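Input: a single structure, listed below in structure tokens.
What follows draws every value from the coordinates through simple rules; no lab data is involved. Since this is a predicted model, take the numbers as computed values, not measurements. Neighbour counts are summed over all protein chains in view; Cβ atoms, including those assigned to glycine, are modelled from backbone coordinates with ideal geometry.
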Amino acid sequence: MIREVIVVEGRDDITAVKNALEAEVIATGGYGYDDKFIQNLRGIAERRGLIILTDPDYAGERIRMDISRSIDNCKHAFLPQGKALMNGDIGVENATKGDIIEAVSKAKPMVMERREEFSRMDLMELGLIGGADSRRKREYVGNALGIGYANSKQFLNRLNNFGIAKKELIQTLNGMEDHDE
């Protein structure tokens, strides 16, 4: 049983998550939720905690950011786009039980105080931005660390805000090299 309540976008997402995990799940109903819904989520967050698991698309990211700006200490679970895609439709409801379990097990809270563990220069030196293979590296690392794929600016913010250590990042990159061989 998952302690936190998992926030998803729709009814089909609720069904998929409940088929994968024993958990309480609540849907935003897309982006049309109101202040009362956010107030309800705040109460739930204080009592049990929240894990945000939205679709890996623009709307899902927008909902994730809006909720996390309004509610402190949310954990974030990410599904790679490729694991949430079926017949051109992208969504949590398309992921396998195993992929949902993995995403939730890697859920990470945002760190409240501003961290500057990583700089843009660090990411350039590690080949995560500015290189021909940077997108593929960010995708691999984001999936392995459970922080999801993001463009270079968002990726830097996620590394700093989700408490990833340099040693952990380097080990993950080294694992990618072993994986590619």
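The calculated 222 nm mean residue ellipticity attributable to helices in the chain amounts to -14500 deg cm²/dmol, summing -39500 (n - 2.57) over DSSP H runs of n ≥ 4 and dividing by all residues.
Taking 16 Å as the straight-line reach from the Cα of residue 75, the lysines in range (excluding those fewer than 8 positions away in the same chain) are 106, 108. Under a model in which nothing but the beta-carbon of Lys, Arg (+1) and Asp, Glu (-1) is charged, the chain shows a dipole of about 460 debye around its Cα centre.
What is region 114-181's relative contact order, in percent, from Cα pairs under 8 angstrom and six or more apart in sequence? About 35 percent, as a whole number. Farthest towards the positive end of the charge dipole of region 1-110, among the residues 2, 31, 88, is the Cα of 2, using unit charges on the Cβ of Lys, Arg, Asp and Glu. Extending 7 Å from the Cα toward the beta-carbon at both residue 40 and residue 65 defines two label points whose distance is 2.6 nm. Remark: 86, 1 ranked as 1, 86, counting other beta-carbon atoms within 10 Å and listing the fewest first.
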